[in-house]
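Please treat every number below as a calculation from the coordinates, not as lab data. These figures come from a predicted structure and were not determined experimentally. So basically every Cβ, Gly included, is an ideal-geometry build from the backbone, and we count neighbours across all protein chains shown.
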Protein chains: 2
Amino acid sequence: METLSAAESLAALGHETRLAIFRALVQAGPEGLKAGAVGEALGLAPATLSFHLAHLSRVGLIRGRQESRFIFYSADYSAMGELIAFLTDNCCQGKACLPVSACAETTEKSSAPTGACEGESCV
Amino acid sequence: METLSAAESLAALGHETRLAIFRALVQAGPEGLKAGAVGEALGLAPATLSFHLAHLSRVGLIRGRQESRFIFYSADYSAMGELIAFLTDNCCQGKACLPVSACAETTEKSSAPTGACEGESCV
DNA sequence: TTTATATTTCGATAATACTCGAAACATGGA
DNA sequence: TCCATGTTTCGAGTATTATCGAAATATAAA
């Protein structure tokens, strides 16, 4: 994951409403939720909801699938996984900032670590 | 970490310039970097740099300490750790989206998991 | 005390993002 | 076909954020 895309994902989650939407979709599981259900749960005007869903969609954190008359949105777990991998690989000095448990290899195989994350600071 | 503060941290990192600043500070280690060095490395006008440093400071992701005539900024690893813990605790369905390695308890003791993260989906 | 350097604050401008009513666009049922 | 419902797009208004020159502040050296 390159830093532009990481910044875009972070920005997408960096808005209280969108973060709430994303959390709701995560909780809903792979099935996801109808757009309407999300709006109802969070008390959002349809246009506002659509705006934020589109934003999250555009950066790849969620996806929508049409099902009869409804559109179900669901969280894209792998996108979130990549984002977390980016943060641990690029934003943790020797992983010193990580919860101990997370102190190990990441899915991204620590692609070209930028100097940090040599791994020796794991407890 | 409550979601407002999480959203604020995410938004702070959700800007290419600030993300680059933060990464540079992480790479620099606990010593950090003089503000000027950051600006030089990234080619930022002093006022612009100051604006972004203040933003990152305000949300607690970095801190500055005066040292003689300079101000050294350094990344706050624990703040980053809390952010990552928030994401893994609140934005990962049963941690299915996590890099395998990170599939375990987090520092935050999974405070009141919101329904996700029962842990059974760990590989 | 004067001068030089480092950084921030101020102020103005430009750009971007957010909200939401109203209208348009599906899709499926009557 | 017509109607009802769910969702998006449009358009306009408002608010927030980003950029950066210039001025102000702080610290230290001459």
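Structure values in brief
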{"read-out": "Shielding by partners, peptide A:65-76 (average Cβ within 10 angstrom, other chains)", "value": "1"}
{"read-out": "Hz values of 3J(HN,Hα) by residue in segment A:67-77 - Karplus curve (6.51, -1.76, 1.60), Gly and Pro given as x", "value": "9, 6, 7, 9, 10, 8, 10, 9, 6, 9, 5"}
{"read-out": "Length released on extending from B:Ser5 to B:Arg65, taking residue separation times 0.36 nm less the Cα-Cα span", "value": "19.3 nm"}
{"read-out": "Cα-based convex hull, segment B:1-112, per residue volume (Å³, whole number)", "value": "111 Å³"}
{"read-out": "Partner chain coverage, peptide B:19-32 - average Cβ within 10 angstrom", "value": "4"}
